[in-house]
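Below is one structure, written out as structure tokens, with a few remarks after it.
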Amino acid sequence: MTILNSETHHKDLQMGPDELDGSLSIHPLNLAVRFLLEVGAMIALGAWGATLADGFLSTVMMLVVPSIGAGLWVTFNVPGDRSRSGGAPVPVPGIVRLGVEAIIFGGAVFALNAVDRPTWALIFAVVTVIHYAMSYERILWLVRR
């Protein structure tokens, strides 16, 4: 898999102005759910990180684990992805971006189970699946990139 690095190459990867218009993928309510999932994932990863050590290191891990997740989330993007503001600090193919999202959201489900919150893990997983079902057009767009 090659990481994209040519700004001129990115021009042909941009979504057209109306490619996803009217799509649930970019509907404000779906984007709000996505934002809440992102925040929830970071909270879950922080809660799990806190269990990895004792004392002061517990606090450090509570901050480090979600920081790593957030770093991955904001760094590896597909140019033109309107659900991600279109910017891409490190442009990657769509399938790589979907992998990053699966790692973060799957990690949140794992983390919630690990901190003995299986009901929250199930709720998080179900909401994530519903969000991605509503975003199927974005997923198809990403897979083509």
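Here, each number is a calculation from the coordinates, and none is a lab measurement. Predicted, not measured: the structure shown is a model, and the values here were computed from it. No Cβ is skipped: glycine too gets one built from the backbone with ideal geometry, and neighbour counts run over all protein chains shown.
Structure values in brief
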{"read-out": "Stokes-Einstein D (µm²/s) once Rh is taken as the Kirkwood radius of the range 69-145 over alpha-carbon pairs, at 4 °C in 1.567 mPa s", "value": "98"}
{"read-out": "Inter-site label distance for Ala133 and Ala32 at 7 Å from Cα along Cβ, in nm", "value": "2.1"}
{"read-out": "Convex hull volume per residue in cubic angstrom - Cα atoms of the range 31-97", "value": "84"}
{"read-out": "Per-residue ³J(HN,Hα) for the range 26-41, Karplus 6.51 cos²θ - 1.76 cosθ + 1.60, θ = phi - 60°, Hz, x for Gly and Pro", "value": "10, 5, x, 5, 5, 5, 5, 4, 4, 4, 5, 5, 4, 5, x, 5"}
{"read-out": "Extended-chain gain in nm, criterion 0.36 nm per residue less alpha-carbon gap, Val60 and Arg144", "value": "26.3 nm"}
